[in-house]
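Single-structure report; data block below.
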Amino acid sequence: MLKQNSSGKVLTVFVIIILILSITLTALVLFLLQQESKNRRYVEEQLDEAVKNEKTVSSELKELKKQAFLLEEKNKEADERINSLLDELELEEGLKEEMKTETTSLKEQIATLKNKNKGLEEQLSQVKDSSDKITSLEEKLKKESERVKEYEAEIKRLTEQKGVLESQVGAAGSKNVSSASDNVKLDPIVVSTDNDTGESIPPVATISGGRILSVDTDTDFVIINLGRKDGIVEGLMMSVYRGQEYLGDVTVTRVQPEMAAADFIPPFSSRTVRKNDQVVVKE
């Protein structure tokens, strides 16, 4: 009897333990399933976020590619502009050197002329010493002028008489002369617009405005971006403006195909002009 009771108790305890373990395992499985569900939802959210980020990155990458293409095009354009500016600067430097050489030559000529001027001043002083003789000659000239006036009056009177006689003599033949003159034809006058080099020069009125490329303050001249191909010729007078403000005039002294050099016409000087001031043909 005692054995049956003890075995029944053991069985009951064993059943209870099994139930507890089952409940514990069930709770543990439910907890793990719940955690797995949470982790799955988290992973799915992260995946959706990653897909969105991928789309955003892809869109930004396309935009960056467009910007990179635009930058490459701008770089090409900038390179072409730099090459053009370098060529223009090289031409400008060459023209400056020519102008400086010519200015040096002109200074030497001016020094020679000053020496000649001194000799002329000495001769003039000698002429002043003979002013008494000049006064005497002026008096004689005055008398001769009065006599010439008398002769002119006499010549005028004789001319009037001659005209009257000619009108009487030539009245009969005037009709024949006039009819003959109607048959005379003159050749048309043709004005050539070609310079010595054979290049065609447009009329001054068609020359468009330009700008000043540089100002040389040492030898007092400017370089403009108009040349022989624009109709610029040596000796042409041009006006300089800054906006609507008139600054002064310059005279073209040396011309190349794409640019020209010009000297200032006093009182205009290099102190009042700047690079990129406008130049137009003086009307």
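Data for the structure
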item: Residue-span extension gain [residue 241 to residue 46] - 0.36 nm each, minus C-alpha spacing; result: 63.3 nm
item: Cα-based shape type of the stretch 15-88, given that a ≥ b ≥ c are square roots of the gyration tensor eigenvalues and the cut on a/c is 1.5; result: prolate
item: Cβ-derived FRET efficiency at R0 41 Å, residue 85 paired with residue 58, nearest 0.05; result: 0.50
item: Cβ crowding within 10 Å averaged over residues, with 229-236, 65-72, 90-97 ranked highest first; result: 229-236, 90-97, 65-72
item: Projected label distance in nm at residue 134 and residue 110, using a 7 Å step from Cα toward the beta-carbon; result: 2.9 nm
item: Net lengthening on full extension, residue 274/residue 100 (0.36 nm per residue, minus Cα-Cα); result: 60.7 nm
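Rule-based calculations on the coordinates, nothing more; no lab input. Everything numeric here is computed off the predicted structure, so don't read it as measured data. Cβ coordinates were reconstructed from backbone atoms using ideal geometry, including for glycine residues, and neighbour counts include every protein chain displayed.
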